[in-house]
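This report refers to the structure that appears directly beneath it.
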Amino acid sequence: MTLGCARNEVDSEELAARLEDGGWDLAEHGEDAEIVLVNTCGFIQAAKQESIDELLEAAAGGAKVVAAGCLAERYGSGLAEAMPEAQVLSFDDYADISARLDEVAAGRRWAAHEPRDRRTLLPISPAARRSRQVHQPGHGAISRPASQIADLPPGVAPASGPRVLRRRLGGSVVAPLKIASGCDRRCTFCAIPAFRGAFVSRQPEDLLAEAGWLAAHGARELLLVSENSTSYGKDLGDLRLLETLLPRLAAVDGICRVRVSYLQPAEVRPGLIEVLAGTAGVAAYFDLSFQHASGPVLRSMRRFGDRERFSQLLDQVRHLAPRAGIRSNFIVGFPGETEDDVEELQNFLAEARLDAVGIFGYSDEDGTEAAALDGKLPEDEIASRVEDLADLADELMAQRAAERVGEQAEVLIEEAIGGGRYVGRAAHQAPEVDGTTEVVCARPATAGDLVTAVVTGSNGVDLVAEATCGPAGAPRAGPRGGP
């Protein structure tokens, strides 16, 4: 069971592959399982509570329960003591996951790990990290000949080289591809670097091999994920490596679209904007982590920018790709946030014309600097600010969607809903977090088809469109801009 973000989905698929290699069968339904492995989320309080609830529910069903993932890594022995119903894994246990579950099946318990700052496991210098062997979830590969892969679809020839250590756990036409793990930034509100560790990039050739494997297993769109995609390559000696990687991924046979997530505004380079805005097969999509628009609040968060600089960045993007999709998340109620700061954020949102906006209320996180800051706001005040800004964001997102009426879009079909109607996503719509597009298509389409359509209406953030031609196969070009 996977909770949390798309990065966790990749980690779960690595665990699934390792378990199959070790002789374990994956149950179709939780109630059929001897052991339930829960890949938890430990980012914010709501996510942590959801993880705990899922662990308790699995234990109540009579299965033996194992906690993996971020909550387990972050709290280790403390979680094990608080929840004797579950055994707790560290990321360091992933390589031996099959043996660990053998122990669980035999009724043996092990001492859970003591939490530690995983940033200390690697050198401070990014270039020196390549020589250190620290397990990074979602980075795994084994050197078994590809001819031994037994789970390729009928008629698909195995690629040469090592087997990709991954087992798809769903049939979606979109697949996350982890390009890096960890983060070197020190945002005062964020605990992720402490339990995910320092930033480590994956080698381009490994990513290309996995992209080909995903395409052979039904993926048509690749969602590139990491804690900070704009840092990709800095530990490999090339900070512009993402710019050269993206066209190569887009050229992988069977892949019709590549999308990048988790862009750090402070690290967005003009060359990266150009590649995202103008490369055939790469979505003109900018997932920019602004977090706020007030300069003083952002400095307190130890982050870059302000309303003016962020507006300039958006102008650069739209100069190259007027129809680019842009989303961001914002934290409201940070310690010391004033009414003037909130007004600055409101004004930025009104000007920015973002396609997708996430509004989150601040809460203290264990081990973060912000937890010790003065100027904490009452919970009811934070909730009130969240409600007001979320209402504004909903209105502005609906307006932005309405602006897209009349545009041409390439929609990746995900499912049929009957009567010649299909649900999919245009280039400006990422899976799970953004809206969808309902397409009326005169000719039959199937999941994975890329259909050219004209937007005819909107409903909130969702669009309605009419196909102008049949499925487009796996084209390398799409509408980028224009008036």
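Listed values, structure above:
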| read-out | value |
| --- | --- |
| All lysines inside 23 Å of Lys234 as judged from Cα atoms, apart from same-chain residues fewer than 8 positions distant | Lys178 |
| Residues Val454 and Arg109, FRET efficiency given R0 of 56 Å [Cβ-Cβ distance, rounded to 0.05] | 0.40 |
| Net +/- balance of residues flanking Arg116 in space, Cβ distance below 13 Å, scoring K and R +1, D and E -1 | 0 |
| The chain: relative contact order as a whole-number percent, Cα under 8 Å and 6+ apart | 10 percent |
| Gain in span if fully extended, Arg299 to Asp364, counting 0.36 nm per residue against the direct Cα distance | 21.7 nm |
| Entry for semi-axes √(5λ) of the Cα gyration tensor in Å (calculated from the structure that is shown) out of (1) 54, 30, 17; (2) 34, 30, 22; (3) 54, 23, 21 | (2) |
| Segment Val433-Ala251, extension gain: residue separation times 0.36 nm, minus the distance between their alpha carbons | 62.9 nm |
| Extended-chain gain in nm, criterion 0.36 nm per residue less alpha-carbon gap, Leu121 and Arg353 | 79.4 nm |
| Karplus-derived 3J(HN,Hα), 6.51/-1.76/1.60, for each residue of the stretch 192-203, Hz, glycine and proline x | 4, x, 5, 9, 9, x, 6, 6, 9, 8, 8, 5 |
| Cross-link partners of Lys48 among aspartates and glutamates (Cα-Cα below 15 Å; sequence separation of 8 or more within a chain) | Glu57, Glu73, Asp364, Glu365, Asp366 |
| With all protein chains modelled, accessible area of Glu114 [1.4 Å, Å²] | 120 Å² |
| Ranked packing of 354-367, 255-268, 49-62, most packed first, by mean Cβ within 10 Å | 255-268, 354-367, 49-62 |
| Where labels lie 7 Å past Cα in the beta-carbon direction, separation of Ala128 and Glu81 in nm | 3.4 nm |
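The values are calculated or read from the model by the stated rules, or taken from the named source; none is laboratory data. Nothing here was measured: the structure is a model prediction, and the numbers come from that model. Backbone-built Cβ (ideal geometry, glycine too); neighbour counts: all protein chains shown. We work out accessible area using only protein heavy atoms, side chains counted, and drop any ligands, DNA or RNA first. Shrake-Rupley method; radii C 1.70, N 1.55, O 1.52, S 1.80 Å.
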